[in-house]
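These notes are about the structure you will find just below.
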Amino acid sequence: MGVGDRVVCVDSSKLQHTCNELSADVPNWVVEGSHYTIREIREHDFGAVGVLLEEIRNKPRYFRLIDGTMEPMFKISRFRRLKPKEVEVLEEVNAV
């Protein structure tokens, strides 16, 4: 996957024990089955790969693991790239 790719969310779950914290820190969450556009991909030293999406924005927050502030990302594994035919159909629907 790369910046500009159209993707579909395949996992919008939240861990039960962090749900309240996530809701406060990341109020704008992905919806399973919804389509998004990747605006940035980040790979961190601790192994996480995440994406920022054109359609969803959240306020930056402090993260202890990176010792800094940034916009929360979504795990790249929550998405799959749309197939060319799916993108074509989506563009046709949006053009109407």
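So here's what we get for this one:
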read-out: Pairs with Cβ under 8 Å, 6+ apart, first in the stretch 23-52 and under 12 Å from Phe74 (Cα atoms) and of a type in the set (Asp, Glu), second modelled with pLDDT of 95 or more and exposed (fewer than 14 other Cβ atoms within 10 Å of the Cβ); value: Glu40/Val3
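Yes or no, residue by residue, for (1) under 12 Å from Met1 (Cβ atoms); (2) modelled with pLDDT under 90; (3) exposed (fewer than 12 other Cβ atoms within 10 Å of the Cβ):
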residue: Val31; (1), (2), (3): no, no, yes
residue: Thr37; (1), (2), (3): yes, no, no
residue: Ala48; (1), (2), (3): no, yes, no
residue: Glu54; (1), (2), (3): no, no, no
residue: Arg78; (1), (2), (3): yes, no, no
residue: Val93; (1), (2), (3): no, yes, yes
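The values are calculated or read from the model by the stated rules, or taken from the named source; none is laboratory data. All figures in this text were calculated on a predicted structure; none of them were measured in a lab. Here the Cβ is made from the backbone with ideal geometry for all residues, glycine too, and neighbour counts use every protein chain on show.
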